[in-house]
Structure formats: structure tokens, C-alpha cells
1. Reachable aspartates and glutamates from residue 49, Cα under 15 Å, same-chain residues fewer than 8 places away excluded?
2. Return the loop-located GluC sites (Glu not before Pro) in the range 260-314 (DSSP other than H, G, I, E, B) with at most 11 other Cβ atoms within 10 Å of their own Cβ; answer none if there are none.
3. May I ask you to list the chymotrypsin sites (Phe, Trp or Tyr not before Pro) in the range 104-201 that are in a DSSP loop and have at most 14 other Cβ atoms within 10 Å of their Cβ?
4. Hey, which lysines would be in cross-link range of residue 45, C-alpha to C-alpha under 28 Å, not counting anything within fewer than 8 residues on its own chain?
5. For the chain, what is the relative contact order in percent, using Cα pairs closer than 8 Å and at least 6 residues apart in sequence?
6. Given the range 90-162 reduced to its alpha-carbon atoms as identical point scatterers, what log10 I(q)/I(0) does the Debye formula return at q = 0.28 Å⁻¹?
7. In the range 98-131, which trypsin sites (Lys or Arg not before Pro) fall in coil by DSSP and have 16 or fewer other Cβ atoms within 10 Å?
8. Per DSSP helix of 4 or more residues, -39500 (n - 2.57); summed, then divided by the residues of the chain. What does that give at 222 nm, rounded to the nearest 500?
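The values are calculated or read from the model by the stated rules, or taken from the named source; none is laboratory data. Every value quoted in this text rests on a predicted model; they were computed, and no experiment measured them. Don't worry about glycine lacking a Cβ; one is built from the backbone with ideal geometry, like all the others, and counts go over all protein chains shown. Heavy atoms of the whole protein, side chains included, go into the accessibility calculation; ligands, DNA and RNA do not. Shrake-Rupley method; radii C 1.70, N 1.55, O 1.52, S 1.80 Å.
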Amino acid sequence: MTSNEQPSNRCGYSPDIALIHESIPESVCYRPVWGDRDRCVWHAKELGKSIENLKELKPEPGEHIDGAYLKEAALRNISWLNDISLVNADFTRADLRATDFSNSDLKLARLKETTAIYTDFSGGDLEGALISETDLRSANLVNTQLNGAIFSNVYVNRDTDFGEYSIYEKEREIAPRTLYETHPLQAAAWVYRELQQIYQDNSLPALTRRSYQQEKDVRRRLAWDEGEYGHAIKYELSRWVMLYGTSPYRVLAVSAAFIFLCGLLYPLIGGVQQVSGERTITYTFERPQAAPLWWIGEVLFRSIYFSVITFSTLGYGNLHPVGAWTQLLSGIEAILGSLFAALLVFVLARSATW
């Protein structure tokens, strides 16, 4: 039944959501008109509706109130707005403190200058919503679909819970479909990028850094999933070497591991040589199984020492590589040592900006 076929005492409002997104089904409001208005209490364009106004026509679970006009509405601490459809609803300057919207469909909703402290959006759908100058302190958004949602000047605190991971990171078979039919990992990347800006605007550096790492991690997985192997390898190297540019400790740990590995390889591929006066000593393993322990210890000590000064490009000159393979490895190590030093400076500088 269309709005033209509705009885005169019924609302008949049908939000033209198809113009916004064709995949959202059309719904027609059957509720009785509100007093002498031409629409029901949910759709009448009247500011400042109260709980008493709305309570008589409170929705049942699964019911549609799409396009609800709730500007400046006082809906504080309501428990009967969960598990309903409020697509394209307007909550501009509404008081939604401690209201339960869990599992509700709030696609394309407008929350501008809205108070949503302690509000529960968990398990709901806010895809494509416009959330501007809204207070979300201590709100619950765990497992909420946020792909395409635009956050601007949003207020959060450490108790605002977006969940440890985005809901879109589930296996492809069980990840929720997105409003814009994007890859689930692409949707997750969008969410983490928005969270970075939210946390940065609210001076929460640890959460900003975590969201940045999560965005890069889902982009790494997306690159593997879509066969972009060049990008995938780049993300893998960034992940293991410096945790996407956020961990100087990882740069130091990888550097130490590489120095130690080269120190073990040098005596096996030619060794290093020390010239002291007329005496020349080559630290190598010609027959390591027959070498005494003191010699093995001496060789490893000299080789690791040579690896350290090569990696750091100090080059004291008291030791030099023997043989083509040792020379090649020491050249590679010196180049990588310079690169790792530059990476460490970059990561330290970046860490200071979080």
C-alpha cells in the first residue's frame, strides 16, 4: 500500500531512501496521525519530542520507523529502541544519553550536535551515518557496522568502546554485508582510519597508534587476498621490521638479529682476517667439528664484532673480510646497516608525534 492509498487517519509516510541507496527496502508507516498533524508522532516534523509523546506508539522488535524525525528529542535512558529499523532518522541535537540502540539499523542516520553519553549502539548498523559534533563519551559501539560513516568533531574518552577489532574482520563467509558492497577488509580499513582521526582529535595517542597499526594490518591482508603481491610484500616487510613505522624496539631487535646472523655466517664462508704487525690471523671454520671450544668462541667473538662494526659502518680497519663471499656479505650488511639507521630515526621521529 502506498502513501496515497493509506486511510486519512494513518501516517502513510514513506521515506524516499531508494534515492539514497537502492538496496534499502521501502517502508510505509501505518501508524495513526498525531493529534491534528498529518503524520504520526515519529514522522511529524516537530522539534523537541519527549518520551511521553513517543511511548504510546513505541515500536516492537524488528519494526521499521525509517525516516523518523527526532530533532531535539528528549530520549534519555530509553530501553525500547533496540532491534528496530531507524534508517535515515534525524537525531540532530537530540538527547540520547544511556539509550539502548543495540542491534538497531541506523544506516544513514544524522547525529549532529547529539548527546550520546553511555548510549548503547552495540551490534547495530551505522553505515553511511553522519555523526558530527556528537558526544560519544562512554558509549558502546562494539560490533557496530561503521563502513562509510563520517565522524566529524566527535567527543570520546577511554571508556568509549569501539571493540578490539572491527566486525568486518570476520571470515568472509560470516562478515556482514556492507552498504556499499565493498570488500570486508576494505570496510575495516575505513573504520580504523576514522578511528585514528577520532582518537587523535581527543588526545588519545595509544589508541591512535593501535588504530593505525590495525588499518595497515588489514590492508596487508587485503593485498594478499586480492593478489597484489608487490604491496603485500611491502606491508609484510614494514610489519616485521618496524611494525608499520610505530616500533623502534622492533627495528633494534631486527637489527640485532641480522648482526648476529651475519656474525655466524662469516666464519663459514671465508672468515675475517686480523693483521697485527707481521702476524696475520684468519678467524674461520675450516673443520668446525674438530676445532676446540676456545677457538670456536674466539672465532665467533671476532666475527660478531666484525659484523657490528660493519653494520654500523664504523670500519675500524683492524679486521677485514676474506674471500669473495665474505666481501659480498659485508657489503650488503653495510648497506642494510645504513638503511636500518635511517629507519630507526624515522620511527623515533614518528613516535614523538602520536
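1. Of all the aspartates and glutamates, those that pass the test against residue 49 - Cα under 15 Å, at least 8 places apart if same chain - are 72, 90, 95.
2. Numbers: sites: 278, 286, 298; in loops: 278, 286.
For GluC sites (Glu not before Pro) across the range 260-314 that sit outside H, G, I, E and B with at most 11 neighbouring Cβ atoms in 10 Å, the list reads 278, 286.
3. Details: sites: 118, 121, 151, 155, 162, 165, 168, 180, 190, 192, 199; in loops: 118, 121, 162, 165, 180.
Those satisfying the criteria are 180.
4. 55, 58, 71, 107, 112
5. Values: 722 pairs, mean separation 25.6, N = 354.
RCO, the chain: 7 percent.
6. Once normalised to I(0) and log-transformed, intensities are -1.57.
7. Numbers: sites: 107, 110, 112; in loops: 107.
Hits after loop and neighbour filter: nothing returned.
8. On the way: 7 runs with 123 residues, N = 354.
Using -39500 (n - 2.57) per qualifying helix, the result is -11500 deg cm²/dmol.
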